[in-house]
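The values are calculated or read from the model by the stated rules, or taken from the named source; none is laboratory data. In this text, all values refer to a predicted model and were calculated from it rather than measured experimentally. Neighbour counts are summed over all protein chains in view; Cβ atoms, including those assigned to glycine, are modelled from backbone coordinates with ideal geometry.
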Amino acid sequence: MPDSNDILVQGNDYEFTLEMSGTYHDTPIRYEPGVLEEIYAKVLNNQPFQACEFSLSNYTMMRDRGADWMAAIPVFANRDFRHSIIWVRRESELESADQLAGKRVGVRDYTMTAAVWLRGTLLDEYATDWRDINWYANAEQRFPTLEGVPLELGDGDPEEMLLAGDLDAFISPRPRDLQKPLGDRQLRPIFRDVATVERDYFQRTGIYPINHTVVMRKEVLDEFPDAPRAIFDAYCAGKKKALARRIGTTFVPWGKEYWAETMAIFDGDPFPMGLTDANRNNVGTLLRYLYEQRLIANLPDIEDLFPPGTVDFKEE
């Protein structure tokens, strides 16, 4: 447990959180890396915590369902392109996302932010409506979906079902198949040159999809009114140190081999914090996807997701 004046922030183990702990605005911030599934459980089950990295889509869904005991800070701790998470068998004839209409596609958690981004991207970029895909997911889901979602729930493992030929594709950021030696892998991304596809997407849309934010309990906000700004500045400081040292395999796309080219594409910072114009477009697109996919009943204003005053936070 944190000291009485110590704000404990829990999240994934990223390069930019290695040197994040410190005192900001006279508020001591202590960053504790952990297993995201366990951290998420604290938020999903309304267990004790002070500040946690959390899924932006799941946060929005919880707020839509009445969870007013927490609020988010405009810190965006995790981003990733989602073109690379569509997996097919190596011998599959599928080569592009626009071929998925009518196919049977599996995902472990239908409401995870990565899947929300992917379904929205399928419609926006490839004219492939998510309602024209036969979705399969594990029976135990974080949230029930609203009416009209073509989703079958079952006990089978989607990755195993794909390998067995029971599914045409599988949506996952980290399939177990990647743990095998390269020559033994049985799956491949649906796009053969996914990095080129992702670069083109960013250059046209300006979106490097946001997945996670940081949420705080309301009672912590009331007790420590400077905590949101301190946490915001802690993330910004940690990110600047990581960028200066060219540490980036967990938050810079396409790897260290393309550092200079990547930094030029992103104007030197692929992880801007705060509600910049670009981040508003990013978050607004995700909210639209959640609403269009019937995962939330009402489309919120972006400002309603964050405590008053935090919408004006800017990096120094």
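With respect to the stated conditions, Asp132 fails to be assigned by TED's automatic domain parsing to the domain that holds Asn45 and surrounded by fewer than 16 Cβ atoms within 10 Å (Cβ to Cβ). Gly148 meets all of the listed conditions (1) small (Gly, Ala, Ser); (2) in a loop (DSSP other than H, G, I, E, B); (3) touching a residue at least 40 places away in the same chain (Cβ under 8 Å); (4) assigned by TED's automatic domain parsing to the domain that holds Phe16 but one, namely (4). One residue alone among Arg246, Arg192, Arg188, Arg204 is surrounded by 12 or more Cβ atoms within 10 Å (Cβ to Cβ) and modelled with pLDDT of 85 or more, and that residue is Arg188.
Residue-level analysis places Arg217 outside the set of residues that are at pLDDT below 95 and either crowded, with 16+ Cβ neighbours inside 10 Å or among the charged types (D, E, K, R) (or both). Has region 113-120 got at least one residue that is of a type in the set (A, V, I, L, M, F, W, C) and more than 26 Å from Thr285 (Cα to Cα)? Among the residues of region 113-120, not one is of a type in the set (A, V, I, L, M, F, W, C) and more than 26 Å from Thr285 (Cα to Cα), which makes the answer no.
Among Ala71, Ala97, Ala127, Ala101, which is the only one that is at pLDDT 95 or above and in contact with a strand residue (DSSP E or B) (Cβ under 7 Å, 6 or more places away or on another chain)? From the options Ala71, Ala97, Ala127, Ala101, the qualifying one is Ala71. For region 65-120, a residue qualifies if it is of a type in the set (S, T, N, Q) and either in a loop (DSSP other than H, G, I, E, B) or surrounded by fewer than 19 Cβ atoms within 10 Å (Cβ to Cβ) (or both), and the qualifying residues are Ser84, Ser92, Ser96, Gln99, Thr111. Here Glu160 meets the list (1) assigned to a helix (DSSP H, G or I); (2) surrounded by 15 or more Cβ atoms within 10 Å (Cβ to Cβ) almost entirely, failing just condition (2).
Residues in region 149-196 that are out of contact with any strand residue (DSSP E or B) (no Cβ under 8 Å at 6 or more places or on another chain) and polar (S, T, N, Q): Gln179, Thr196. For region 6-47, the candidate set comprises residues that are touching a residue at least 40 places away in the same chain (Cβ under 8 Å) and farther than 21 Å from Lys239 by Cβ; within that set, the residue that is surrounded by the most Cβ atoms within 10 Å (Cβ to Cβ) is Val43. Once region 162-194 is narrowed to residues that are free of Cβ contacts under 8 Å to residues at least 60 places away in the same chain and among the aliphatic types (A, V, I, L, M), the residue that is farthest from Gln99 (Cα to Cα) is Leu182. The listed residues are Pro270, Pro253, and the only one of them that is in a loop (DSSP other than H, G, I, E, B), modelled with pLDDT under 90, closer than 17 Å to Val75 by Cβ and within 16 Å of the chain's Cα centre (by Cα) turns out to be Pro270. The set of residues from region 276-304 being buried (at least 20 other Cβ atoms within 10 Å of the Cβ), modelled with pLDDT of 95 or more and over 15 Å from the mean Cα position of the chain (by Cα) is empty.
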